[in-house]
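Here the structure is laid out as structure tokens; the discussion comes afterwards.
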Amino acid sequence: MMKFPEGFLFGVATAAYQIEGAADEDGRGRSIWDTFSRIPGKIHHGDTGDIACDHYHRLDEDLDLLTDIGVGAYRFSVAWPRIFPEGCGAVNQKGLDFYKRLVDGLRERSIKPMLTLYHWDLPQMLQDVGGWTNRDTAFRFAEFVAAVAENLQDDVAQWVTLNEPWCSAFVGHLEGRHAPGEESLAAALHAAHHLLLGHGLAVQALRAANVSGEIGLTLNLSDVTPATESAADLAATARIDGNENRWFLEPVFRGSYPKDMVDWYAKRADLSPLHEADLAIIAAPLDFLGVNYYEQHVVRAEPSDQIHGAAKLAPTPPLTDAGVPIRPAGLEHILRRVSAQYRRIPLYVTENGAAFHDYITPEGVVDDPERVSYLERHFAVVAECASDGVDVRGYFAWSFLDNFEWAEGYSRRFGIVFVDFGTEQRILKSSARWYRQLIAAQ
Ligand code: IFM
């Protein structure tokens, strides 16, 4: 049986818009995902997060499930539009009350709360004035963070400022697959900078509030390898790495953007909104880095690609049912690389998981051997890294519940707990039972 360091956190993760539902309840304002999910053709099957897992109304039942699985930690996000329905101005106390109940419920069950402050649900009223492409949004974010910190100051074990700013910036503003659905490199780079500035200002706000928990940031990091050793493929790989990894790691841990990428982007977009002076704020010392791992890319040069001059090779098996290659070695590369290159910052794997076509058998069970194997192989890598001295302190399976998978709607099941979206019934999958045994064996 795999062994982990003393105090290692075994957790599961979720995000507000993906599970809560209750979209119009208790004064919640609209978010960019409420808007985006209503644009025809944007979301598989026209799904929305209006009801999702109805977690808002089933909080106690879901917290009991966490106890049943035996996790020591739970990562969730706070919906900004529940607390500031207009993005700023007056606080909606009922929104704060929900998260107070959540953290109290976790404490009663001896489960450590890891709270993410931004998991993509920007208040629509801030989007109406430019969203993350507007520098002001970073300051509004810091105000929201201060309000949450004031209310949950000593209740949170780990504070995560942002979840996967690369996705918010590049999937939301360049690829247009996520809210707000823009398709401009300049918008993506400006949004990325303001997200990073918001992160830095949030760290300041949390330190000023004297919160008792650790403070960190979650990045989705990809393992990138060149298709061949040719100079062109190596350079293309460096650019994909520059975009997906170094564009975020370097400002946060070194206080500067990677020079090769600045030179590359400066020829393609206006970089003047990326104020040099912000980097000192962005690089505020952190207590940990959260790593979300899903992807390994094999990259080749592609001169016709205007943005990075690169293309990712079509994924090869083994694949998840979402078509994502299953490559535990990629997680190992990332943990070792980050630990070696960036000041040996403590690490948590804040997300890792896979979508498979799960279903209820006539006997009423959900058997997901592929997910059990996926989790087993990724946990093994984490255990090995830890035993080799990488300071990795926890692992949060994505996800606790099947949920609203953004542009894919409800068609991708990532949960270790099955959710029947007709009845909202929850059923532990075999992966949840496997996880329970792993945790119990420690
Ligand atoms: O569901 C998402 C989550 O919101 C962010 N990280 C990746 C997950 C799976 O795609």
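The values are calculated or read from the model by the stated rules, or taken from the named source; none is laboratory data. Quantities reported herein were computed from a predicted structural model and do not represent experimental measurements. Positions of Cβ are backbone-derived with ideal geometry, glycine not excepted, and every protein chain shown enters the neighbour counts. Side chains are part of the model used for accessible areas, which takes the heavy atoms of the whole protein and leaves out ligands, DNA and RNA. Shrake-Rupley method; radii C 1.70, N 1.55, O 1.52, S 1.80 Å.
Within region 1-160, DSSP assigns beta bridges of which about 10% are antiparallel (rounded to the nearest 5).
Translational diffusion coefficient of the chain at 10 °C, 1.306 mPa s, Stokes-Einstein with Kirkwood Rh over Cα pairs, in µm²/s as a whole number. Don't skip to the answer; put the middle values down first.
Working: Rh = 21.9 Å.
Here the translational diffusion coefficient equals 72 µm²/s.
Rolling a 1.4 angstrom probe over region 312-442 with all protein chains present gives an accessible area of which 52% lies on carbon and sulfur atoms.
Assuming 0.692 mPa s and 37 °C, estimate D for region 194-261 with Stokes-Einstein, Rh taken as the Kirkwood radius over Cα pairs, in µm²/s. Write down the numbers at each step before the final one.
On the way: Rh = 13.9 Å.
This corresponds to a translational diffusion coefficient of 236 µm²/s.
Overall shape of region 335-442 was characterised from the C-alpha gyration tensor. The equivalent ellipsoid obtained from it has semi-axes of 30, 16, 10 Å, in decreasing order. Loop-located chymotrypsin sites (Phe, Trp or Tyr not before Pro) in region 351-442 (DSSP state other than H, G, I, E, B) with a sparse environment of at most 13 neighbouring Cβ atoms within 10 Å: Y359. Once the convex hull of the C-alpha atoms of region 47-132 is built, how many Å³ does it hold per residue, rounded to a whole number? Hull volume over Cα atoms, normalised by residue count, gives 107 Å³.
If r is the Cβ-Cβ distance from E276 to D128 and R0 is 45 Å, what FRET efficiency results, to the nearest 0.05? Please list the in-between numbers first.
On the way: r = 29 Å, r/R0 = 0.65.
The pair E276/D128 has a calculated efficiency of 0.95.
Here the translational diffusion coefficient of region 150-253 follows from Stokes-Einstein with Rh set to the Kirkwood radius across Cα pairs; for 25 °C and 0.890 mPa s it amounts to 161 µm²/s. Taking only protein heavy atoms and a 1.4 Å probe, the accessible area of region 141-283 is 51% carbon and sulfur.
With both residues required to sit in the chain, DSSP beta bridges show an antiparallel share near 15%. Computed over region 6-82, the range of Cα coordinates on each principal axis works out to 48, 26, 20 Å, biggest value leading.
Which of the chymotrypsin sites (Phe, Trp or Tyr not before Pro) found in region 94-140 are in a DSSP loop and have at most 11 neighbouring Cβ atoms, other than their own, within 10 Å?
Details: sites: F98, Y99, Y118, W120, W132, F139; in loops: W120.
For chymotrypsin sites (Phe, Trp or Tyr not before Pro) across region 94-140 that sit outside H, G, I, E and B with at most 11 neighbouring Cβ atoms in 10 Å, the list is empty.
Cross-linked pairs K42/K259; K3/K429; K42/K312; K267/K312; K112/K312; K42/K267: Cα-Cα separations exceed 27 Å for K42/K259; K112/K312; K42/K267. Extent along the principal axes, Cα only, for region 141-210: 40, 17, 15 Å, with the longest axis given first.
In Å², and per residue, what accessible area does the chain have when probed at 1.4 Å with the other protein chains present? Write out the running numbers ahead of the final one.
On the way: 16020 Å² over 442 residues.
Dividing the accessible area of the chain by its residue count gives 36 Å².
Only Cα pairs under 8 Å and 6+ residues apart enter the sum, and on that basis the relative contact order of the chain stands at 18 percent.
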